[in-house]
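K.L.:
Before anything else, here's the structure in question.
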Amino acid sequence: MKILAIPGKMPATQTWLEKIIAATPWSNENIDVHRYNAWDFEQDFNVDTEIEHLPSGHYDVVITKSIGTLVTLKSQQKISWDRLVFIGIAWSIYSNIEKELLPALNNHGLPILIIQESHDPFGSYQEINHVLLNMEHITCKEVTGERHQYSNIPLIGKIINDWASPHLG
């Protein structure tokens, strides 16, 4: 099983994402945790530039946080997946055109899990869930929070495990 993990904008989210994956059924799989070019060269973060440096190919699972969700959505010509997990969609930084990419994921017919804090300052659970109402393939789960930190790793791991169990294999 191949897994691509795409962190958020801050380097600390790389370690955080590794902890999340360790709490999932995929902890012992072939995992590629992406490292942004901007981190290595101390550049300003640019989504389009980072997409150029993203590995390409098909993955069994793509799991991502924050701005990594936007990188993933905009990379659909470069990467594909069987299962997708978004944690903390940074909705407020999406342009109107980019916002259309999220509900369009339902058309792929593949299982998608979104975990969003109740009062995430970049997009609340209610905002995200409203966009995804009645989407057959997208599951949106709410976690307590208001700081875009998603610090309850055991709970996030449990949500992913509960969702993933019927989609394993």
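The values are calculated or read from the model by the stated rules, or taken from the named source; none is laboratory data. Computed from a predicted structure; not experimentally measured. Cβ sites come from the backbone with ideal geometry, for glycine too, and all protein chains shown count toward neighbours. The protein model used for the area step is the full one, side chains on, heavy atoms only, and it has no ligands, DNA or RNA in it. Shrake-Rupley method; radii C 1.70, N 1.55, O 1.52, S 1.80 Å.
K.L.:
Mind checking which residues of the range 127-147 are of a type outside the set (A, V, I, L, M, F, W, C), surrounded by 14 or more Cβ atoms within 10 Å (Cβ to Cβ) and either free of Cβ contacts under 8 Å to residues at least 24 places away in the same chain or in contact with a Lys or Arg (Cβ under 9 Å, 6 or more places away or on another chain) (or both)?
P.N.:
Matches in the range 127-147: 129 only.
K.L.:
Residue 86 fails exactly one of the following numbered conditions: (1) within 28 Å of residue 133 (Cα to Cα); (2) open to solvent by 50 Å² or more (accessible area, probe 1.4 Å). What is the number of that condition?
P.N.:
(2)
K.L.:
Sticking with this structure for a sec: Condition test on residue 19, is it out of contact with any His (no Cβ under 9 Å at 6 or more places or on another chain), in a helix (DSSP H, G or I) and among the basic types (Lys, Arg)?
P.N.:
yes
K.L.:
Just a yes or no: is a residue in the range 151-169 outside any helix (DSSP H, G or I) and open to solvent by less than 10 Å² (accessible area, probe 1.4 Å)? It would help to see each step written out before you state the result.
P.N.:
Filtering the range 151-169 for residues outside any helix (DSSP H, G or I) gives 151-152, 168-169.
Checking the rest, the ones that are also open to solvent by less than 10 Å² (accessible area, probe 1.4 Å) come to none.
Within the range 151-169, not a single residue is outside any helix (DSSP H, G or I) and open to solvent by less than 10 Å² (accessible area, probe 1.4 Å).
K.L.:
Just to be sure, is residue 80 open to solvent by 40 Å² or more (accessible area, probe 1.4 Å), at pLDDT 95 or above and farther than 25 Å from residue 164 by Cβ?
P.N.:
no
K.L.:
Now a separate question. Which of the residues belonging to the range 152-169 are over 19 Å from residue 83 (Cα atoms) and under 15 Å from the mean Cα position of the chain (by Cα)?
P.N.:
Of everything in the range 152-169, just one residue is over 19 Å from residue 83 (Cα atoms) and under 15 Å from the mean Cα position of the chain (by Cα), namely 153.
K.L.:
Checking residue 126 against (1) of a type outside the set (Lys, Arg); (2) more than 20 Å from residue 13 (Cα to Cα); (3) in a strand (DSSP E or B); (4) out of contact with any Leu (no Cβ under 7 Å at 6 or more places or on another chain): exactly one of these is not met. Which one?
P.N.:
(3)
K.L.:
Look through 64, 13 and report the one residue that is among the polar types (S, T, N, Q), open to solvent by less than 30 Å² (accessible area, probe 1.4 Å) and assigned to a strand (DSSP E or B).
P.N.:
64
K.L.:
Cβ-Cβ under 8 Å, sequence separation 6+ or interchain: first residue in the range 58-76 and on the phi > 0 side of the Ramachandran plot, partner part of a strand (DSSP E or B) and of a type outside the set (Gly, Ala, Ser). Which pairs?
P.N.:
Cβ pairs passing all conditions: 66/87.
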